[in-house]
1. Would you kindly derive the ³J(HN,Hα) couplings of the stretch 124-137 from the backbone phi angles with the Karplus curve 6.51 cos²θ - 1.76 cosθ + 1.60 (θ = phi - 60°), listing them in order in whole Hz, with x for Gly and Pro?
2. So what J values fall out for the stretch 44-55 if you push phi through Karplus, 6.51 cos²θ - 1.76 cosθ + 1.60 with θ = phi - 60°, rounded to Hz, Gly and Pro as x?
3. If amide H atoms are built 1.01 Å from N in the plane of the peptide, which residues on other chains or at least 5 residues away come under 5 Å of the amide H of Ser44?
4. Of [x] 57, 23, 15; [y] 29, 17, 16; [z] 23, 22, 16, which one was derived for semi-axes √(5λ) of the Cα gyration tensor in Å from the structure shown?
5. Could you state the accessible area per residue of the chain in Å², with a 1.4 Å probe and every protein chain left in place?
6. Please calculate the 1.4 Å probe accessible area of Thr179, with all protein chains present, and give it to the nearest 10 Å².
7. Does the stretch 66-148 come out rounded, prolate or oblate by the C-alpha gyration tensor, with a ≥ b ≥ c the root eigenvalues, rounded set by a/c under 1.5 and, if not, prolate when a/b is larger than b/c and oblate if not?
8. Run lengths n ≥ 4 of DSSP H only: what is the helix-derived mean residue ellipticity at 222 nm for the chain, with -39500 (n - 2.57) per run over all residues, to the nearest 500?
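The values are calculated or read from the model by the stated rules, or taken from the named source; none is laboratory data. Owing to the predicted nature of the structure, the values given are computational and were not obtained by experimental measurement. Please note: Cβ atoms are built from the backbone with ideal geometry, for glycine as well, and neighbour counts cover all protein chains shown. Quick note on the areas: whole protein, heavy atoms, side chains included, nothing else; ligands and nucleic acids left out. Shrake-Rupley method; radii C 1.70, N 1.55, O 1.52, S 1.80 Å.
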Amino acid sequence: MSQPHHTDSAPGDQVRPRIRPGGFRELGPVGWAVNRVGARVTGSRDVHLFATLGRARRLFPAWLAYSGMMMPFGILDRRTTELVILRVAHLRGSAYERAHHERIGARVGLDDDEIARTLHDPASAGWPDRLEAVLAAVDELVRTKDIADDTWAEVAAHLTEAELVGLVQLVAQYDGLATTLHALRIQPDRPR
């Protein structure tokens with residue numbers, strides 16, 4: 001069963017956001033401060049994701065805390081985490097996610113070749129066995145919302161039980177985030 005391949009809008013597209021990113025009045029002090037810090041860290045004028053999700057003031061801090069526990073404070077090591085996120089972003093056609101995590105991945109030590117290889121089938125991309133198994137599990141989980149027993153056995157040979165739980169949650173988080181970005185038509189951030 002294949003999932004639809006959605007893409008975020010790219011710069012220059014005529015798609016408009018369904019929810020306009022908020023300012024201080026709409027976000028409140030917490031959402032506004034998070035957005036300002038995020039913009040400074042990413043070198044953008046505004047983090048449209050934060051400025052949009054922050055409009056749901058009660059939900060935003062909980063989502064932000066959970067997201068932070070997935071990345072950067074997740075169970076999987078940072079490099080593997082970024083490879084997983086990049087693969088999810090590619091499979092879901094999420095330009096927003098992909099652009100952010102190409103930069104973040106480079107900051108945690110991924111080279112251009114590793115980032116580019118997340119665009120290719122894990123079985124033919126030349127990954128070490130551990131990463132091939134992890135990324136094959138990512139593909140199945142995004143495409144079928146499950147992991148076949150043989151794929152599970154392969155990835156379980158490389159990860160602890162805690163890492164397996166973390167992998168499934170990480171994929172679900174970024175698959176869901178790709179859905180959110182697409183459904184709300186969140187536009188790419190503009191550099192400062």
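1. Whole-Hz 3J(HN,Hα) from phi for the stretch 124-137: 10, 8, x, 7, x, 3, 4, 6, 4, 5, 4, 6, 5, 5.
2. Listing the rounded values in order: 10, 6, 7, 9, 4, 4, 5, 6, 8, 5, x, 5 Hz.
3. Those qualifying (amide H under 5 Å, at least 5 residues apart or on another chain) are Arg192.
4. [y]
5. Numbers: 10080 Å² over 192 residues.
Per-residue value: 52 Å².
6. Its accessible surface works out to 70 Å², give or take rounding.
7. Working: a/c = 1.34, a/b = 1.16, b/c = 1.15.
Verdict is rounded for the stretch 66-148.
8. Details: 9 runs with 118 residues, N = 192.
-19500 deg cm²/dmol, from helical runs alone.
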